[in-house]
Structures are given as C-alpha cells and as structure tokens.
Amino acid sequence: MRGWLVVNHFVYSEKFKEIYAMLCASAKGCGAELAIKTPGELLCDTESDFPSPLPDFVLFWDKDIYLARRLELAGVRVFNSSRAIEHCDNKLLTAIDLTGRVRTPRTILAPRTFEGVGYNRTDFLERAADMLGLPFVLKEAHGSFGRQVYLIDTLDTAKRILGTLGYKEFLMQEFVASSRGRDLRVNVVGERAVSAMLRFNKDDFRSNVSIGGQTARYTLTAEQEAAAVTACRAVGADFAGVDLLFGGDGEPIVCEVNSNPHFKSTYLCTGSDMSRDILRYVLDAAGSRA
C-alpha cells in the first residue's frame, strides 16, 4: 500500500524529524510505502485535483484541517480525520466532546471576543473564580507542550494574563491539586492503550517533558485505560495521546487529548514504539495489512 505522511510545511525540527522517521520505518516494516508530503508541496487551487496518483491512505501529522478535509473529499482515507484533528487542537471543542463521556476537571468556556475588540470587560473572571475556586487553570484554546497554560492564583493574575491574549479563545478549569505536577500520558490506538508513562515535575504544576518533566514506567489500571480509550473515541480519533490527572481518590480525570502525540518520550521511557501500532491499525483500516 502507498501512503502519504503529511507534515507541517514550516515546522521541521529534529524532534519532529525523529517522529517522521519512526513512522516511515514502521510503514516499511509493514510492507507499505510512506512518502512525506507538506501542504506546500500539495498546493493546488480548489477547482483542481491533487497530484496523481492519490495514495491509498494519508497519515496526517499536521493541523492543517483544510487540507485534510480536501483530501477526504477527494476520497482518500485520512488518519486522523479532519474533524478529530480540529477538535483535539481546540481545547474548547475537546471539552465539549468529553462532557458526559468521561470525568474531566470542572470547565468554563470563556466568552468569545474578536480581533479589534479584545477582552475589554473582565467581570466574567470573578464569576469563574467563584465557581472554580482559586487557584484555577487558564488554557488557551490552541497550544502544545504545556505552553499557553497558566495557573491563576488571584484575580489580578487572571486580568494580567487576559491582557496578553488579544482575542485568543480560552477556557478555565478547576485545578486538580491532587495531581499537581504529575499526570499520565496514555497512548491509545483504536480501542486499546498501547503504552503509558507517568510524568512528574516537582518544580511546576505542569508535568510536560518539554518543560522539565521527568518520566517513569507505569502500569495502568483498568479504570485508567477505559477512561483514555473513551476519551479517544469521544473526539473521534483513531489514535491519540490522552493525558490523565489523578483525582483525590486516585480516580482518572481526563485533561487533554492530543491527535498527533509526540510519542518519542514514551518510547524512550517504555521501549514501546507507538508508530508500529499506528501503522498496523492504519493499514488494517485502509483495507489491507502486510
């Protein structure tokens, strides 16, 4: 089978290149061909067809949902789908998808503003603080690696952060103190968790490896695996990296769902290569498996 690995046209760091190499190697190991493409290389007007021949599948490792949707309309099976990518990339849409499906921190979606208007009223912050308590967590709708996430300890801090956002969308969440500086990254493919690791950081409320977090092997409970798989299904993803917090009694609380998980850190921690699971799943779903 022939596939395209679609990657961002502008971001191509060593960290990303390692992920792409692992995916391509796993495709080859399954007897499939995976060619790296960027949106710039696939550039064409909306009335034209993509370069021929089209692949049997596309592994979409970018967040260009417009290109992903055009490929779907051209009849190509795209993993993850444009909808799943869009909803994972926007934390507000993720929160809506997860509501009623799994346990999450109590969440408030901020009122929407627009370019040129901004957040010229801050009264809603006081209401949010009354509902969530202090401290609470403020998350920009778009962001990766723990960035664009802030711990709000006072209303003055909230107003200061708000002043830096312009018109960016954001949400506010209950701070789960029992999980401060630690969480689980659970890599899900299809209907099962294929790997998991504990992340912890004694110097920050966030546990992301990219901002200093450390990792350790971890054996999931049945409840934790079920929560991660349900969260992946709720956003419509074929595969994802699901972040779980520890509730006060150890119960799993879903924090985020990542459609393009950076699984290299999990591989280094556990020796489990998620790319192999992804390619096997994709080839099965696309109609063949080597």
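The values are calculated or read from the model by the stated rules, or taken from the named source; none is laboratory data. Because the structure is a prediction, the values reported are computed rather than measured. Neighbour counts run over all protein chains shown; Cβ positions are idealised from the backbone, glycine included.
A few remarks follow.
- Selection status of Val102, aliphatic (A, V, I, L, M), under 22 Å from the mean Cα position of the chain (by Cα) and under 20 Å from Leu279 (Cβ atoms): no
- 1 or more residues within 21 Å of Val58 (Cβ to Cβ) and not assigned by TED's automatic domain parsing to the domain that holds Met22: qualifying helices (runs of 4 or more DSSP H) within region 186-290: 222-234, 274-285
- Pairs meeting the criteria (first residue in region 98-124 and at positive phi and at pLDDT 95 or above, second residue in a loop (DSSP other than H, G, I, E, B) and not hydroxyl-bearing (Ser, Thr, Tyr), beta carbons under 7 Å, at least 6 apart or on different chains) are Gly118/Gly166.
- The set of residues in region 71-91 being more than 22 Å from Gly190 (Cβ to Cβ) and surrounded by 17 or more Cβ atoms within 10 Å (Cβ to Cβ) consists of Asn90, Lys91.
- Within the set Ala226, Ala237, the sole residue that is buried (at least 21 other Cβ atoms within 10 Å of the Cβ) and aliphatic (A, V, I, L, M) turns out to be Ala237.
- Entry remark, region 216-235: residues being over 19 Å from Thr270 (Cβ atoms) and among the acidic types (Asp, Glu) number 1 in total.
- Among the candidates Gly146, Gly133, residue that is in contact (Cβ under 8 Å) with a residue 12 or more places away in the chain and surrounded by fewer than 14 Cβ atoms within 10 Å (Cβ to Cβ): Gly133
- Among the residues listed as Leu54, Leu59, Leu23, the single one being in a strand (DSSP E or B), surrounded by 13 or more Cβ atoms within 10 Å (Cβ to Cβ), among the aliphatic types (A, V, I, L, M) and outside the structural domain of His262 (by TED's automatic domain parsing): Leu59
- Of all residues in region 274-290, those satisfying the criterion of being over 15 Å from Glu33 (Cα atoms) and crowded, with 20+ Cβ neighbours inside 10 Å are Met274, Asp277.
- When we screen Thr38, Thr94 for residues that are more than 18 Å from the chain's Cα centre (by Cα), at pLDDT 95 or above, of a type in the set (Val, Ile, Thr) and surrounded by 16 or more Cβ atoms within 10 Å (Cβ to Cβ), the only hit is Thr38.
- Residue match in region 227-242 (condition: at pLDDT below 95, under 22 Å from Phe175 (Cα atoms) and not charged (D, E, K, R)): no
- Matching residues, region 195-216, being out of contact with any helix residue (DSSP H, G or I) (no Cβ under 6 Å at 6 or more places or on another chain) and more than 14 Å from Gly146 (Cβ to Cβ): Ala196, Leu198, Lys202, Ala216
- Filtering region 70-101 to residues that are more than 15 Å from Val235 (Cβ to Cβ) and part of a helix (DSSP H, G or I) leaves Arg70, Leu71, Glu72, Leu73.
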